[in-house]
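Rule-based calculations on the coordinates, nothing more; no lab input. Here the structure is a predicted model, which means the values were calculated and not measured. Positions of Cβ are generated from backbone atoms using ideal geometry, with glycine treated the same way; all protein chains shown enter the neighbour counts.
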Amino acid sequence: MSATPGWSRAQRRLHWWVAALVPLTLGLGFLMVELPWRPLAPKFLAYQLHKSFGVVVFGLVAWRLLLRWRRGRPAEDAALPAWQRRAAGLVHGVLYGLLLAVPVLGYLSAASAPAQVPTMVFMLLPVPHVLGPDEARFLLLRALHLWLALGLVALALGHALMALRHHAAGRPVLRGMWRG
Ligand code: HEM
């Protein structure tokens, strides 16, 4: 597929929505597990909000990948050495993989939890659990969900720092994702 002249408005909006929602979902994840069990309502609502944001992230990333597949993306800056362009492509691929894997692992761990708390997107849309409760599976999926979420945020921070470095060096990478 030939390179596009720039990111489309939809591609840019999706990028920044996902960039805002991931740290919010991560912070809410840490907060909700620390909340006391009594009163139950704030803990329950925090879990539902966390799961809802996570489901939204999954949907937005799937939409981004569809747009990228159908429309393509602008070429990497030809002034960069080939190894840097390859490394950027690899980081972007791993980021997409983690952005899909973390919500899926969260969903599967919620479905495996012995407590069997329902998953309701914004308290409106029930999401059926495809797996039954299983404590051993829950503990494994929960650990994977946590560690891959931390890996995702670490990689996203590295990605943001590289974008800022390119920006400081006068390359239009960040401007391109902001204004097209
Ligand atoms: C970008 C998306 C997501 C991120 C970054 C994320 C991140 C996190 C983090 C940091 C925790 C705290 C882990 C701990 O301290 O043990 C957590 C817990 C949890 N997440 Fe997510 N999450 C995401 C999406 C989801 C989704 C889509 C669901 C379910 C539909 C989900 C379900 C859960 C559950 C059930 C727990 C708590 C497990 C427990 O009770 O200990 N997450 N998540």
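Which one of these is within 20 Å of GLY180 (Cα to Cα) and in a helix (DSSP H, G or I): ALA88, ALA62?
Only one candidate qualifies: ALA88.
Which one of these is assigned to a helix (DSSP H, G or I), among the small types (Gly, Ala, Ser), on the phi < 0 side of the Ramachandran plot and away from the ligand (no atom under 13 Å from the Cβ): GLY176, GLY132, GLY97, GLY106?
After ruling out the rest, the residue left standing is GLY176.
Could you check region 113-129 and list, in sequence order, the residues that are within 12 Å of ARG142 (Cβ to Cβ) and more than 9 Å from the ligand (Cβ to nearest atom)?
Answer for region 113-129, where residues must be within 12 Å of ARG142 (Cβ to Cβ) and more than 9 Å from the ligand (Cβ to nearest atom): just PRO114.
List every residue pair whose Cβ atoms sit under 6 Å apart, with the two residues 6 or more apart in sequence or on different chains, where the first one lies in region 100-113 and is surrounded by fewer than 20 Cβ atoms within 10 Å (Cβ to Cβ) and the second, anywhere, is among the β-branched types (Val, Ile, Thr).
If the second residue must be among the β-branched types (Val, Ile, Thr), the pairs left are LEU100/VAL61.
Could you check ALA79 against (1) within 8 Å of the ligand (Cβ to nearest atom); (2) not β-branched (Val, Ile, Thr); (3) not in a helix (DSSP H, G or I) and say which number it fails?
Going through the list (1) within 8 Å of the ligand (Cβ to nearest atom); (2) not β-branched (Val, Ile, Thr); (3) not in a helix (DSSP H, G or I), ALA79 breaks only (1).
Select, from MET123, MET162, the only residue that is outside any helix (DSSP H, G or I) and not hydroxyl-bearing (Ser, Thr, Tyr).
The match here is MET123.
Right, ARG137: more than 12 Å from the ligand (Cβ to nearest atom), within 16 Å of VAL18 (Cα to Cα), surrounded by 14 or more Cβ atoms within 10 Å (Cβ to Cβ) and among the basic types (Lys, Arg) or not?
Spelling it out, it is not the case that ARG137 is more than 12 Å from the ligand (Cβ to nearest atom), within 16 Å of VAL18 (Cα to Cα), surrounded by 14 or more Cβ atoms within 10 Å (Cβ to Cβ) and among the basic types (Lys, Arg).
Determine whether region 122-138 contains at least one residue that is in contact with a strand residue (DSSP E or B) (Cβ under 6 Å, 6 or more places away or on another chain) and in contact (Cβ under 8 Å) with a residue 60 or more places away in the chain.
Yes, region 122-138 contains at least one residue that is in contact with a strand residue (DSSP E or B) (Cβ under 6 Å, 6 or more places away or on another chain) and in contact (Cβ under 8 Å) with a residue 60 or more places away in the chain.
For region 139-178, enumerate the residues that are of a type in the set (D, E, K, R) and free of Cβ contacts under 8 Å to residues at least 60 places away in the same chain.
ARG142, ARG165, ARG175
Could you tell me how many of the residues in region 7-27 are closer than 22 Å to ASP77 by Cβ, more than 12 Å from the ligand (Cβ to nearest atom) and among the hydrophobic types (A, V, I, L, M, F, W, C)?
Number of matching residues: 3.
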